[in-house]
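Undergrad: Got a structure for you, questions after.
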Amino acid sequence: MFVLIIISQILMYLCFSFILGSFLLSLVPKTHRPNINFPQKGLIAGIAGIAIFSFFPVLEIILYLAPRIGVLEALQSILLTFEVGKAWVFTLIISIILLIFVCLFDYQQKAINSYIGILFTLILILSIGWTSHASSIDHVWGFISDTLHLTAVSVWVGILIVISWFSTNHVNWLNFLKWFSPVAFACFVSTLITGLILMTFVVPDYANSWLAPYGQALLIKHLLIIPLLLYAVINSIFIKKRLHDSTDFNPRPWAKMESIIILLIFSATALLGQESPPKEAGSSPDNTSKLFDFIYNGQAQQEMTVQLALNPTSASFIALAILFSMLMIASFIKKAPAIMSFLMSVLLVVCAYFSLMLSIV
């Protein structure tokens, strides 16, 4: 069930991104973006997906309580008294309204329809933010921070996913980059600020949190941001220069690689949603990360304090991480297939991770 919930949360984030990206790009003049094949069936599936995938955390609680009080009693109790249950009922209602709206009104023909679609999508994001870890700790600032975080990510990722996977050509790509680069930068800054605020709610000590599964997932998520930023540099600076030199160059494969990195970040985020934050559960031996235990042969202890100190082994991994980051850029300059840069990005994250883990004293 744990794995199913992780997968459902990843798919839910993708649904949000795809829906919001579709509505936003429909508002952009065709002269400022490539031609896009907006699949209405895909949009309908995305809206339905939000209602379905957001139900999995509710289902987990139902399965936990059902053997004790019965399925119907558990379902009634959770949907009417639990915050996660009431939030899902609200999500279901809004999803049905949005689904009917998309079926009846063509958002590609009238801008007002896209604006209404965006409004309903933002309401759905509010519903998800209400049941987040941060919101359970601080109902006001936790809710606001988590909602803004998910909104900024969905805007950035949504535009990128739709433009890289559903565009039919790469015409007007330079015009697209002129407005998308500052939008992506603004979303990144917003994500960074809200992410730091969220950490203050759920992670009292960042380094010590690495002992717990939550901290490990958070660390991996942060490390994945490094290749994401490198792809952002490639897509906004290097690709812009190459398009000036050659209009035949197709930048979509590189945008696709960036979107795959974001999918990995979604995976880490989904894992965070299913683990107990350090503020809710201390890093006791029972709560120690299996990955941390594997690296340190089960030596992690409850009173252990994480401190970092550079040593020859960790320095070697730092050097390798820098090397792979340079190879990511070099693979573009040398016109290697985009998949090569993705492999370099994975190795970059692995080396950066071990450089930190092996620096612990």
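Undergrad: Calculate one ³J(HN,Hα) per residue across the range 89-95 by plugging θ = phi - 60° into the Karplus curve 6.51 cos²θ - 1.76 cosθ + 1.60, and present them in order as whole Hz with x for glycine and proline.
TA: Taking θ as phi minus 60°, the curve returns 4, 4, 4, 4, 5, 5, 5 Hz for the range 89-95.
Undergrad: Among 47-56, 309-318, 334-343, how do they line up from the highest to the lowest mean number of other beta-carbon atoms within 10 Å?
TA: On the way: 47-56: 20.6, 309-318: 13.4, 334-343: 15.1.
So the peptides 47-56, 309-318, 334-343, ranked by packing, come out 47-56, 334-343, 309-318.
Undergrad: With charges set only on the Cβ (+1 for Lys and Arg, -1 for Asp and Glu), what does the dipole of the chain come to about its Cα centre, in debye to the nearest 20?
TA: Values: 17 positive and 15 negative charges, 288 e Å.
For this selection, approximately 1380 debye.
Undergrad: Same structure again: Once every Cα of the range 204-361 carries one equal point scatterer and solvent is ignored, give the base-10 log of I(q)/I(0) from the Debye formula at q = 0.09, 0.10 Å⁻¹, two decimals.
TA: -0.36, -0.44
Undergrad: Another question, if that's okay. List the lysines whose alpha-carbon lies under 30 Å from that of Lys110, not counting same-chain residues fewer than 8 positions away?
TA: Filter leaves Lys30, Lys41, Lys178, Lys256.
Undergrad: Pick out, from Ile329, Phe354, Leu224, the residue whose Cα sits farthest towards the positive end of the charge dipole of the range 204-361, with +1 on the Cβ of Lys and Arg and -1 on the Cβ of Asp and Glu.
TA: Working it through, the farthest residue towards the positive pole turns out to be Ile329.
Undergrad: Sticking with this structure for a sec: Using only DSSP helix segments of four residues or longer, with each worth -39500 (n - 2.57), what per-residue ellipticity at 222 nm results for the chain after dividing by its residue count and rounding to 500? Intermediate results must be reported in sequence, preceding the final value.
TA: Working: 15 runs with 265 residues, N = 361.
Helix contribution divided over all residues of the chain: -25000 deg cm²/dmol.
Undergrad: Hey, another quick one. Which of the peptides 181-188, 198-205 is most tightly packed, and how do the rest follow, going by the mean number of other Cβ atoms within 10 Å of each residue? Please report the intermediate quantities before stating the final value.
TA: Numbers: 181-188: 15.2, 198-205: 17.9.
Order by mean packing, descending: 198-205, 181-188.
Undergrad: If packing is taken as the average count of other Cβ atoms within 10 Å, what order do 121-132, 166-177 fall into, highest mean first? If you can, show how the numbers build up before the last one.
TA: Details: 121-132: 20.9, 166-177: 17.3.
Per-residue Cβ counts within 10 Å, averaged per peptide and sorted highest first, yield 121-132, 166-177.
Undergrad: Next question. Ratio of the chain's C-alpha Rg to 2.2 N^0.38 Å, to two decimals?
TA: Details: Rg = 21.8 Å, N = 361, 2.2 N^0.38 = 20.6 Å.
For the chain, the normalised Cα radius of gyration is 1.06.
Undergrad: Roughly how compact is the range 1-202, stated as its Cα Rg over 2.2 N^0.38 Å to two decimals? Provide the component values of the computation, followed by the final result.
TA: Values: Rg = 18.2 Å, N = 202, 2.2 N^0.38 = 16.5 Å.
Compared with the compact-globule rule of thumb, the range 1-202 sits at 1.10.
Here, each number is a calculation from the coordinates, and none is a lab measurement. Just so we're clear, the structure is a prediction, and the values are computed from it rather than from any experiment. Ideal geometry is used to build each Cβ from the backbone, glycine not excepted, and the neighbour counts take in all protein chains shown.
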